[in-house]
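Data block below; observations after.
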Amino acid sequence: MADRTTVQAYVVERAGEPLGEVFAAVARACGEIAKKIRLAGLGDVYGAFGAVNVQGEQQQKLDVFANEVLTQALGAVECVAAIVSEEDEEPVVFDRPGGRYAVVFDPLDGSSNIDVNVNVGTIFSVVTVQGELLASVLRPGAEQVAAGYVVYGPSCVLVLTLGRGVAAFTLDEAGEFLLSADGMTMPAQGPYYSANAATAASWPAAYRAYVAGLVGGALGGKAYSARYIGSLVADFHRTLLKGGVFLYPPTEKAPKGKLRLLYEARPLAMIAEQAGGAAVSGAEAILGLDAAGIHERTALIVGSKVEVEALQRAVVGAK
Ligand code: AFP
């Protein structure tokens, strides 16, 4: 049963006023995005915006809207020194003395699903700016101060970690995210694996054998079932709640993986670890990886400990 604890109150109590303001801005912006998504069919918001972003992807109108709303909301927060967005080639730097955090985000992940009314999400991470901005955001994800995501689903839920556990907040009718779950834990092993099976022929052999093993009962005799939405936040949210593994392996088309290290893999890895799960890029923990650039891609295997560690063993063994 939801209590009346808002995101801001929760964060202020555990991490202080400045971070509370960052989360209040994110929550406000995501509330606006949720409203826009809910009414998408009634406004002129479906479809392509007509431009291609830095990733070479067609921007959807809602990508652009979500990016603007988050940029404006975070730009008004005194302690935010800069933002890094999937939609912007370079970081947006706010010239202010009190800036101590950079917020890194994917404003609307899975946006190609919008037109068919399938769940989409916002993913974000907060890092401390120490010295040079770029060096600060590229440092390994283990140094993230906080991370979270919003899943725009049948209900709109914001999940966050401040580095001490995981909590969820549900958007109410008045537009406020209220605490709906605290101390969330991921099952140690789950019933599902989640991957784009259409790309399996071009995965490294260890990944193909691993998934065949999951289906064939190699992990404790369980025969895993498949679930794949193609919207990372939704696939991750199910994995967090039900357990199992989400994997986006290297492919021939994307040998380094498709997903982005800074604003997709790192925040979800932090949440997974804080909930008792794990996240690797293959042989290595996601949170230990350095980044060479803000839009760097990675393979991502995230979920329950049993499945992720089994994958890691398989990849290390294949080397
Ligand atoms: P879009 O934002 O372009 O829809 O990409 C979504 C995404 O980055 C992520 O949300 C999914 O997990 C992944 O792509 C799905 O990729 P495939 O279509 O290659 O399975």
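The values are calculated or read from the model by the stated rules, or taken from the named source; none is laboratory data. Every value quoted in this text rests on a predicted model; they were computed, and no experiment measured them. No Cβ is skipped: glycine too gets one built from the backbone with ideal geometry, and neighbour counts run over all protein chains shown. Accessible surface areas use protein heavy atoms only, side chains included; no ligands, DNA or RNA. Shrake-Rupley method; radii C 1.70, N 1.55, O 1.52, S 1.80 Å.
Toward the positive end of the charge dipole of the chain, with +1 on the Cβ of Lys and Arg and -1 on the Cβ of Asp and Glu, the farthest Cα among 257, 270, 210 is that of 210. Per-residue ellipticity at 222 nm from helix content only, as computed over the chain with -39500 (n - 2.57) for each DSSP H run of at least four residues, stands at -9500 deg cm²/dmol.
Surface exposure of the stretch 149-236, expressed per residue as accessible area with a 1.4 Å probe, stands at 41 Å².
For the stretch 266-316, GluC sites (Glu not before Pro) are listed when DSSP marks them as loop and at most 15 other Cβ atoms sit within 10 Å of their Cβ; the list is 284.
Dipole of the chain computed with +1 at Lys/Arg Cβ and -1 at Asp/Glu Cβ about the Cα centre; of 84, 189, 71, farthest Cα towards the positive end is 189. The relative contact order of the chain comes to 16 percent, based on Cα pairs under 8 Å that sit 6 or more residues apart.
Seen through its C-alpha gyration tensor, with square-root eigenvalues sorted a ≥ b ≥ c, the stretch 128-241 comes out oblate because a/c lies at 1.5 or above while a/b is not bigger than b/c. Couplings 3J(HN,Hα) for the stretch 293-304, derived from phi with the Karplus relation 6.51 cos²θ - 1.76 cosθ + 1.60 (θ = phi - 60°), are x, 6, 9, 4, 9, 8, 6, 9, 10, 9, x, 5 Hz, where x marks Gly and Pro. Using a cut-off of 25 Å between Cα atoms, the listed pairs 222/242; 61/242; 35/256 include 61/242; 35/256 as exceeding that distance. Couplings 3J(HN,Hα) for the stretch 29-37, derived from phi with the Karplus relation 6.51 cos²θ - 1.76 cosθ + 1.60 (θ = phi - 60°), are 4, 5, x, 5, 5, 4, 4, 4, 5 Hz, where x marks Gly and Pro. The length gained by stretching the chain between residue 88 and residue 241 to full extension, at 0.36 nm per residue less their Cα-Cα distance, is 51.9 nm.
Cross-link partners of residue 36 among aspartates and glutamates, defined as those whose alpha carbon lies under 16 angstrom from its own and excluding same-chain residues fewer than eight positions apart: 44, 63, 68, 109, 115, 172, 173, 176.
The angle between the Cα long axis of helix 232-242 and the longest principal axis of the Cα atoms of the chain comes to about 70 degrees, rounded to the nearest 10. On a 0 to 90 degree scale, rounded to 10, what angle separates helix 205-216 from the longest Cα axis of the chain? With rounding to tens, the tilt is 80 degrees.
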